[in-house]
Every structure is written in structure tokens, then in C-alpha cells.
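Q: Let me give you the structure first, and then I'll get to my questions.
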Amino acid sequence: PLGAKASWPAALRTTVGLMLSSQFPMFLAWGPHRIFIYNDAYRDVLGKKHPSALGMPFQQAWSEIWDAVGPIADRAFAGQPSYFENLPIQMERYGYPELTYFTFSYSGVPGDDGSIEGMFCVCQETTGAVNAEMSTAPASAVPMDAPRFVSVFCSPPTSPLCSSGTADTVTLPS
């Protein structure tokens with residue numbers, strides 16, 4: 001889908017080179033199909049999705065979380081960068097759903113003509129740290145960002161966590 005590396009735009013070659021030389025988890029979604037390219041450090045994030053996710057559309061690689069990350073990606077492709085800290089995301093990387101937490105940013109990557117051609121993500125899984133903090137803190141001390149929780153877990157609004165079938169009522173499991 002991206003063609004021979006020699007035919008890539010300079011922005012794509014530069015971003016991929018930067019990403020591949022890093023030991024921090026990163027990925028790039030490039031072009032109108034948002035082709036998914038990632039570095040070695042990102043393989044742990046993918047779990048069993050690696051290596052098949054490489055080169056497929058970003059939406060296809062992460063279809064189960066697209067309701068949460070798709071709008072964020074759309075904003076990056078529109079030139080609006082974003083940053084999230086300890087965002088809860090329900091993923092399926094090992095064949096079963098798991099609640100994970102990530103700190104990440106999405107930034108648009110301008111192409112050679114200056115228009116946004118790609119989206120660059122730097123991320124860090126924080127699941128272990130968040131779970132450790134929640135297990136040692138009293139329930140009243142663990143802040144819950146309700147709008148963010150609702151947007152992640154109540155999409156679509158018929159999610160089992162949305163007791164009334166709307167995204168404005170959330171029932172937390174006991």
C-alpha cells in the first residue's frame with residue numbers, strides 16, 4: 001500500500017526512520033488508508049496482533065478500540081494534537097478483553113506539501129502502575145474522570161456499563 005521505500009515522501013521516510021531508531025513504543029498511521037507502521041518496542045502493546053497488524057489500516061488493526069481512538073485519530077489528521085494520561089482502554093491483544101491504561105499522544109505528520117498525511121503516536125502502557133495505585137489507595141482517593149470513562153466504556157451507548165442505555169448513566173461493576 002505504501003509502495004517502494006524509494007518512492008516514499010521525505011516526511012514518511014524521516015518519521016519511520018525516527019520511529020524505528022527509538023526504543024520507546026511508537027507507531028505511525030499514514031495516508032488516506034492510515035496504514036499502520038510500528039517499531040519493535042510497540043510489539044508488546046500489540047500482543048498477538050503482531051506481526052499481522054503491520055501494514056494494515058489502523059482502524060482494522062485496532063477495530064475493538066476504534067470507538068475510543070478513532071475520533072482522537074480523526075482530530076490528529078485534522079491538525080489537532082492530543083495527549084492522554086492513564087486513559088482506560090478495553091483491548092483484545094491476547095484473544096480476550098482486558099482493561100488497560102495508556103499514556104499517549106497523537107500528532108499529525110505533515111507531508112511534503114504541508115498538509116497532514118499521517119499520525120504519529122508515542123505511547124506508554126501504564127496498566128501496572130494504575131492497578132498498583134488503585135489497589136493501595138482508598139476508593140475515595142482514586143479519581144475517576146467520568147466523561148472520559150463514559151466516552152471509552154459507553155461507546156456504543158448500549159454498553160453493559162451504561163445501565164440506562166445512554167452514555168450519561170454509568171454503573172460501575174462491584
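Q: Out of everything in segment 89-110 that is touching a residue at least 60 places away in the same chain (Cβ under 8 Å) and in contact with an Asp or Glu (Cβ under 9 Å, 6 or more places away or on another chain), what residue ends up being nearest to Pro51 (Cα to Cα)?
A: Checked segment 89-110; the qualifying residue nearest to Pro51 (Cα to Cα) is Gln90.
Q: Being more than 15 Å from Gly108 (Cβ to Cβ) and assigned to a loop (DSSP other than H, G, I, E, B), is that true of even one residue in segment 8-15?
A: Yes; the residues of segment 8-15 include at least one that is more than 15 Å from Gly108 (Cβ to Cβ) and assigned to a loop (DSSP other than H, G, I, E, B).
Q: Tell me which of these Phe27 doesn't satisfy, since it passes every other one: (1) touching a residue at least 12 places away in the same chain (Cβ under 8 Å); (2) surrounded by fewer than 19 Cβ atoms within 10 Å (Cβ to Cβ).
A: For Phe27, the failing item is (2).
Q: Looking at segment 52-65 only, could you name the residues that are open to solvent by less than 60 Å² (accessible area, probe 1.4 Å) and either closer than 23 Å to Ser115 by Cβ or not in a helix (DSSP H, G or I) (or both)?
A: If the condition is that a residue be open to solvent by less than 60 Å² (accessible area, probe 1.4 Å) and either closer than 23 Å to Ser115 by Cβ or not in a helix (DSSP H, G or I) (or both), then Ala53, Gly55, Met56, Pro57, Phe58, Trp62 are the ones that fit.
Q: When you check Gly70 against the structure, is it among the small types (Gly, Ala, Ser), over 23 Å from Thr127 (Cα atoms) and out of contact with any Phe, Trp or Tyr (no Cβ under 8 Å at 6 or more places or on another chain), yes or no?
A: No: the conditions fail for Gly70.
Q: Also, I was wondering about something else. Determine, yes or no, whether Gly47 is of a type outside the set (Phe, Trp, Tyr), assigned to a loop (DSSP other than H, G, I, E, B) and in contact (Cβ under 8 Å) with a residue 40 or more places away in the chain.
A: It is false that Gly47 is of a type outside the set (Phe, Trp, Tyr), assigned to a loop (DSSP other than H, G, I, E, B) and in contact (Cβ under 8 Å) with a residue 40 or more places away in the chain.
Q: Still on this structure, please answer the following. Determine which single condition Ala68 fails, assuming it passes every other condition in (1) under 19 Å from Pro110 (Cα atoms); (2) in a helix (DSSP H, G or I).
A: (1)
Q: Those residues that are aliphatic (A, V, I, L, M), within 17 Å of the chain's Cα centre (by Cα) and open to solvent by less than 60 Å² (accessible area, probe 1.4 Å), I need them from segment 85-129; list them, please.
A: Leu87, Ile89, Met91, Val109, Met119, Val122 - these are the residues of segment 85-129 that are aliphatic (A, V, I, L, M), within 17 Å of the chain's Cα centre (by Cα) and open to solvent by less than 60 Å² (accessible area, probe 1.4 Å).
The values are calculated or read from the model by the stated rules, or taken from the named source; none is laboratory data. What you are looking at is a predicted structure, and each value in this text was computed from that prediction instead of being measured. Don't worry about glycine lacking a Cβ; one is built from the backbone with ideal geometry, like all the others, and counts go over all protein chains shown. Accessible surface is based on the protein model in full, side chains and every heavy atom, while ligands, DNA and RNA are left aside. Shrake-Rupley method; radii C 1.70, N 1.55, O 1.52, S 1.80 Å.
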